[in-house]
Amino acid sequence: MIYLDNAATSFPKPESVYRSVDEAARWSGNPGRSGHALARRAEREIEATRVRVARFFNAPSPERVIFTLNATDALNMALKGFLQPGDHVVTSCLEHNSVSRPLAALAQRGVTFTKTGCDGEGKVDVEALAAAITPRTRLVVLTWASNVCGTVQPVPEVAEVCRRHRVKLLVDAAQAAGHVPIDVQATGVDMLACSGHKGLLGPPGTGLLLLGADVDVSPLREGGTGVASHLASQPDSYPQRLESGTPNTVGIAGLGAALDFLVQVGIERVFEHERQLIGALWEGLAAVPSVRDCGPSGPDGRVSLLSFNLEGWDPIEVATVLDQSFGICCRAGLHCAPWAHQALGTFPAGTVRFSVSYFNTLDDVEQAVQAVRALAAAGRR
Ligand SMILES: Cc1ncc(COP(=O)(O)O)c(C=O)c1O
């Protein structure tokens, strides 16, 4: 089997992640709730992972690292906990449903938003985005990299625009975290949401929300925090303000091991390896006349994914044949991002998406190209 669906969730995970999950399942008490050994151990592991996350992204402090279920959970927390009726948001046409649907829900509660466009290579127009900011705008929400075409967005420039207009910036780094180096403080990102189970190579059920030092987010849910239990309302201090109930100790322990792995390998090396794989994929597919690639017009300027269509084939059909006849796992359709397909001209059928990880090899991508070539030849018959 060749797994090229890492943008959905990464597979395999580093061996140390499997080990860590297995061990944690055997020792995990309820952190912060009791004083006994298992509870203390769970708390230690969770706080150690929080510190690792803060270091990995250069977040202002570990307390401002919030563990979530996934990127969707983190984005919902940020959008619904930060925005109030009357606020205006600027966003882009490249956003995933985990941004566009919460915004649609918030629009029912008096929040307005403007969706700005992108060029033919899937890059947002920074000037158009700046021009869409009004005196009511409190937030810009932008994906770091499109999950449809992979295009890396000009986040530092957008952050500069936000700083000039005194507007906060929320970045959806679901497709960037673990693939490209991210320094939230140097970039000027106020809130960053990402999955733990994609490029960060952690287990499913993990995600992160990183908050800037001067951002306040109201909780989506209130409940037990293990601290300040005498208070009638949710504590104001982070991370407890946003973390209620028993956490995913096992998943968080696995995420900690995954971050250690990424630090040990080095994010630059991960990036370079994935760039080489995507370069080979892009070149191989570009040589197939009936392949229509979307996104940047070359191998660069994208994260570790690539979307395409094969003339005469439905994308779902391509993915099904790749799976059943070639043992290649990929994803096809709208990738939960209908806005992006509308902007890129691939709506409503969508595209076929190949996405790689550090564990893929050049041989994997060569076999994928050969399979697409075989399908293209069959299509012409
Ligand atoms: C750009 C983008 N944002 C958000 C998400 C949601 O991620 P999760 O599945 O961790 O909720 C995805 C998932 O594919 C994504 O690609």
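The values are calculated or read from the model by the stated rules, or taken from the named source; none is laboratory data. Nothing here was measured: the structure is a model prediction, and the numbers come from that model. Positions of Cβ are generated from backbone atoms using ideal geometry, with glycine treated the same way; all protein chains shown enter the neighbour counts. Just the protein is used for accessible areas: all its heavy atoms, side chains included, with ligands, DNA and RNA removed. Shrake-Rupley method; radii C 1.70, N 1.55, O 1.52, S 1.80 Å.
Give segment 265-287 a look and list any residue that's farther than 16 Å from Asp363 by Cα, open to solvent by 10 Å² or more (accessible area, probe 1.4 Å) and touching a Ser or Thr at 6+ places or on another chain (Cβ under 9 Å), or say none.
The answer is Phe271, and nothing else.
May I ask you to list the residues in segment 43-102 that are polar (S, T, N, Q), more than 13 Å from the ligand (Cβ to nearest atom) and open to solvent by 10 Å² or more (accessible area, probe 1.4 Å)?
Asn58, Ser61, Gln84
I'm trying to understand the selection: among the residues of segment 109-118, which are more than 16 Å from the ligand (Cβ to nearest atom) and either assigned to a strand (DSSP E or B) or free of Cβ contacts under 8 Å to residues at least 40 places away in the same chain (or both)?
The answer is Arg109, Gly110, Val111, Thr112, Phe113, Thr114, Thr116.
Restricting to segment 150-176, what's the tally of residues that are assigned to a strand (DSSP E or B) and either open to solvent by 20 Å² or more (accessible area, probe 1.4 Å) or touching a helix residue (DSSP H, G or I) at 6+ places or on another chain (Cβ under 8 Å) (or both)?
6
For Leu106, work out the one condition from (1) hydrophobic (A, V, I, L, M, F, W, C); (2) outside any loop (DSSP other than H, G, I, E, B); (3) touching a residue at least 12 places away in the same chain (Cβ under 8 Å); (4) touching a helix residue (DSSP H, G or I) at 6+ places or on another chain (Cβ under 6 Å) it doesn't fulfil.
For Leu106, the exception is condition (4).
For segment 182-198, give me the residue count where each residue is more than 23 Å from Val250 (Cα to Cα) and either part of a loop (DSSP other than H, G, I, E, B) or aromatic (Phe, Trp, Tyr) (or both).
5
So is Leu262 in contact with a Pro (Cβ under 9 Å, 6 or more places away or on another chain), part of a loop (DSSP other than H, G, I, E, B) and either buried (at least 24 other Cβ atoms within 10 Å of the Cβ) or at pLDDT 95 or above (or both) or not?
no
Table: residues versus (1) in a helix (DSSP H, G or I); (2) more than 19 Å from the chain's Cα centre (by Cα); (3) modelled with pLDDT under 95.
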| position | (1), (2), (3) |
| --- | --- |
| Gly86 | no, yes, no |
| Thr91 | no, no, no |
| Glu95 | no, no, no |
| Ser98 | yes, no, no |
| Gly122 | no, no, no |
| Ala130 | yes, yes, no |
| Arg138 | no, yes, no |
| Leu142 | no, no, no |
| Val148 | no, no, no |
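Would you say Ala378 is free of Cβ contacts under 8 Å to residues at least 40 places away in the same chain, of a type in the set (Gly, Ala, Ser) and crowded, with 21+ Cβ neighbours inside 10 Å?
no
If you scan segment 199-237, which residues turn out to be within 16 Å of the ligand (Cβ to nearest atom), outside any strand (DSSP E or B) and open to solvent by less than 30 Å² (accessible area, probe 1.4 Å)?
Passing the criteria: Gly199, Leu200, Leu201, Gly202, Pro203, Thr206.
Looking at segment 288-359, what strands (runs of 3 or more DSSP E) fall wholly within it and have at least 1 residues that are surrounded by fewer than 20 Cβ atoms within 10 Å (Cβ to Cβ)?
The qualifying strands (runs of 3 or more DSSP E) are 291-294, 331-333.
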